[in-house]
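Visitor: Sharing a structure below in structure tokens format, with a few things to ask.
The values are calculated or read from the model by the stated rules, or taken from the named source; none is laboratory data. Because the structure is a prediction, the values reported are computed rather than measured. Please note: Cβ atoms are built from the backbone with ideal geometry, for glycine as well, and neighbour counts cover all protein chains shown. Accessible surface areas use protein heavy atoms only, side chains included; no ligands, DNA or RNA. Shrake-Rupley method; radii C 1.70, N 1.55, O 1.52, S 1.80 Å.
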Amino acid sequence: MSPVSVISLPSHLCLPTSFIDRSGRELNHLHITIPNVAMRRQGKLMTGASMSMNLRTAVSDDAVIRRRGDFHSNLWDDDLIQSLSSPYGEPSYRERAERLIGEVKNSFNSTSNEDGESITPLDDLIQRFGWVDSVERLGIDRHFKKEIKSALDHVYRYWSEKGIGCGRESVVTDLNSTALGLRTLRLHGYDVSADVLNHFKNQGGQFACTLKRTEDQIRTVLNLYRASLIAFPGEKVMDEAETFSVKYLEEALQKIPVSSLSREIEDVLEYGRHTYLPRLEARNYMDVFGQDTENSKSYMKTEKLLELAMLEFNIFHALQKRELEYLVRWWKGTSSPQMTFCRHRHVEYYTLASCIAFEPQHSGFRLGFAKACHIITVLDDMYDTFGTLDELELFTSAIKRWDPSATECLPEYMKGVYVIVYNTVNEMSQEVDKAQGRGTLNYCRQAWEEYIDAYMQEAKWIASGEVPTFEEYYENGKVSSGHRVSALQPILTTDIPFPEHVLKEVDIPSKLNDLASAILRLRGDTRCYQADRARGEEASCTSCYMKDNPGTTEEDALNHINAMISDVVKGLNWELLKPNSSVPISAKKHAFDISRAFHYSYKYRDGYSVASIETKSLVKRTVIDPVTL
């Protein structure tokens, strides 16, 4: 037996006293026992002195040094989920919603609004744009697909290279109608050029407004800002519109009283487009919708739209409760709670999915996304911190064998991880096969293998301390970000057909998949690189950029990465919305919205490692708490 040493840790390091054994159980000891010969950290030999620099290092009962992320525990226990209740699952509420849907459709098809005021040729275009914008922001547009298309087809007939006016007989175009039209038409795939905005600049080539900030003028600039967020690559005028409108709106907020208008401006400036998840936007918009329109005509009374939106929100809330109960049973059934080395964020992942896909029939998408992301997080924590290099190589090989017998060579804690991956991917493939009418397991397995290979490469960099080139790290990091495997099977469970030519526009080798993966890697690294570095993970977009560009600072690197993110978002807009595409927007939207969900999670910080602030608020606002009717 090898001689051993007992190292007492200095008290000033404030190390936690919980350590982890090979099976993932916590051990409560005050000393670390290690072989005298050497210590191994992710396959790299360490001395006792070097180990003391890693504040979250633990030694298992087989004398293997393991690192552990300093993550908080699951925030949503089973008792809380079980305590959720809602009466809105009763048929009477669905019947009430259906009646409202019918009334809204009847009002849309009438020639006058509910106050008896006719929709005239001088305001019919802005009225239709306003109606479409409202039902979309309230999250009820799925009920009015036919009406929305009818409205937009009507206004598009009057679109010109100079924009559009309030009505089809308007003598001049106006900025408010044009900005709202540009945004709305683009979001539905119509071919409209941003150059129309150039017609609203002054002689100096600048956007300008009168010094007096009226409500109408403020709303015009707000719509200009919202339009600028649907920019495509290379559209300089959209950049100019964004810069002007942000400055104007920020100054307006300092001067106007607190009101529903000011709250709306704050929300839009806070979240923009790419991080404003649809269900969160719907919840926020309910609080301000219709409150500042007393002096302006509305295509339809706001009360009915608002009542329908709130009712739909709560009906879906009842479905969320049932889906969450199922998800918690699945999580417990996989023995995940016993894996103490990793983060448990299944409720948070479900929340993200339900914020971007709240059609009742897409339960498979929501639950599949939550399961896939839970697996990704377990693997992330195992490859980045807990596993040794030798163990990770065994696990990587076992995944490629794709056979339960492959677990025989794995450490005990890895056997449980392997079983979760194996069973869940197989089960989701069965769902996908039913939805798509063809076998997909081998195709999906390949995606998971490529993902694991990218993790293995990162583990080697961690073990060696190597900082690769930015390009090498970035290309590998887009795969290891996990976007593809988080999206692939959940998307294929929907009722949307994905023949091979359509799938290629969503999955690899599509630009959409590449850009969506890039968002996750770039934004994730800007929020995680300091914590990762503290755990001994040197390679990140930030460090690799600085290595490639000697003399640059972290601030320089972050500015470069943020500029890349801005370009990537515009590229994503184009891939989703480019006119005359052979692939409908509906087939690409889930993949696009998943990138938005991940982007939101890293908006302020690493919202998975620290899920107790903004992420917790999102769960409460969109899943836990219903709307008060």
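Visitor: From the set of residues in region 527-554 that are of a type in the set (Val, Ile, Thr) and either outside any helix (DSSP H, G or I) or modelled with pLDDT under 95 (or both), which is surrounded by the most Cβ atoms within 10 Å (Cβ to Cβ)?
Guide: THR552
Visitor: So, one more: Might you check whether a residue that is at pLDDT 95 or above, under 25 Å from the mean Cα position of the chain (by Cα), in a helix (DSSP H, G or I) and in the same structural domain as ASP514 (by the TED database) occurs anywhere in region 394-410?
Guide: Looking for residues that are at pLDDT 95 or above, under 25 Å from the mean Cα position of the chain (by Cα), in a helix (DSSP H, G or I) and in the same structural domain as ASP514 (by the TED database), one finds none in region 394-410, hence no.
Visitor: Quick test for you: out of SER595, SER566, SER581, pick the one residue that is outside the structural domain of TYR276 (by the TED database), within 17 Å of PRO233 (Cβ to Cβ) and part of a loop (DSSP other than H, G, I, E, B).
Guide: One residue alone meets the criteria, SER581.
Visitor: So is ALA591 closer than 18 Å to GLU359 by Cα and buried (at least 23 other Cβ atoms within 10 Å of the Cβ) or not?
Guide: Against the criterion (closer than 18 Å to GLU359 by Cα and buried (at least 23 other Cβ atoms within 10 Å of the Cβ)), ALA591 qualifies.
Visitor: Now a separate question. Name the residue that is most open to solvent (accessible area, probe 1.4 Å), counting only residues in region 222-249 that are free of Cβ contacts under 8 Å to residues at least 40 places away in the same chain and in contact with a helix residue (DSSP H, G or I) (Cβ under 7 Å, 6 or more places away or on another chain).
Guide: Once the filter is applied, the top-ranked residue is GLU242.
Visitor: Among (1) farther than 26 Å from TYR383 by Cα; (2) under 16 Å from the mean Cα position of the chain (by Cα); (3) open to solvent by 60 Å² or more (accessible area, probe 1.4 Å), which single condition is ASN562 missing?
Guide: The single condition ASN562 does not satisfy is (2).
Visitor: May I pose another question? Show me the helices (runs of 4 or more DSSP H) entirely contained within region 425-494 in which 2 or more residues are within 18 Å of ALA398 (Cβ to Cβ) and open to solvent by 10 Å² or more (accessible area, probe 1.4 Å).
Guide: 441-464
Visitor: Would you mind telling me which numbered condition in (1) open to solvent by 30 Å² or more (accessible area, probe 1.4 Å); (2) at pLDDT 95 or above GLN291 fails?
Guide: (2)
Visitor: If you go through region 397-417, how many residues are surrounded by fewer than 17 Cβ atoms within 10 Å (Cβ to Cβ) and within 26 Å of SER609 (Cα to Cα)?
Guide: Total satisfying the criteria: 1.
Visitor: Would you be able to tell me the number of residues in region 343-380 that are part of a loop (DSSP other than H, G, I, E, B) and open to solvent by 10 Å² or more (accessible area, probe 1.4 Å)?
Guide: The qualifying residues number 4.
Visitor: Go through (1) modelled with pLDDT under 95; (2) open to solvent by less than 20 Å² (accessible area, probe 1.4 Å); (3) part of a loop (DSSP other than H, G, I, E, B) for PHE498 and report which single condition fails.
Guide: (1)
Visitor: Sticking with this structure for a sec: Inspect region 200-207 for any residue being over 31 Å from the mean Cα position of the chain (by Cα), on the phi > 0 side of the Ramachandran plot and open to solvent by less than 50 Å² (accessible area, probe 1.4 Å) and give the result as yes or no.
Guide: Yes; the residues of region 200-207 include at least one that is over 31 Å from the mean Cα position of the chain (by Cα), on the phi > 0 side of the Ramachandran plot and open to solvent by less than 50 Å² (accessible area, probe 1.4 Å).
Visitor: If you don't mind, there's one more thing I want to ask. Is there any pair linking a residue in region 69-84 that is over 17 Å from MET382 (Cβ atoms) and assigned by the TED database to the domain that holds ASP380 to one that is open to solvent by 60 Å² or more (accessible area, probe 1.4 Å) and of a type outside the set (Asp, Glu), with Cβ under 6 Å and at least six apart or on different chains, and which?
Guide: Pairs found: none.
Visitor: Give all pairs with beta carbons closer than 7 Å in which a residue from region 274-290 that is aliphatic (A, V, I, L, M) meets a residue that is open to solvent by less than 30 Å² (accessible area, probe 1.4 Å) and not in a helix (DSSP H, G or I); count only pairs at least 6 apart in sequence or on separate chains.
Guide: Close Cβ pairs satisfying both conditions: ALA282/LEU138; ALA282/GLY139; MET286/LEU138; MET286/VAL627.
Visitor: Here is a follow-up. Any residue in region 605-619 that is assigned to a helix (DSSP H, G or I) sitting within a Cβ distance under 7 Å of a residue that is of a type outside the set (S, T, N, Q) and open to solvent by less than 20 Å² (accessible area, probe 1.4 Å)? List the pairs, counting only those 6 or more apart or interchain.
Guide: Listed pairs, sorted by first residue: GLU614/GLY607; THR615/GLU348; THR615/GLY607; LEU618/LEU280; VAL619/VAL347; VAL619/GLU348.
Visitor: Quick check: is even one residue across region 267-276 within 21 Å of the chain's Cα centre (by Cα), among the aliphatic types (A, V, I, L, M) and open to solvent by 20 Å² or more (accessible area, probe 1.4 Å)?
Guide: Yes: one or more hits.
Visitor: A follow-up question, please. Among the numbered criteria (1) out of contact with any Leu (no Cβ under 7 Å at 6 or more places or on another chain); (2) closer than 26 Å to VAL569 by Cβ, which one does LEU269 miss?
Guide: (1)
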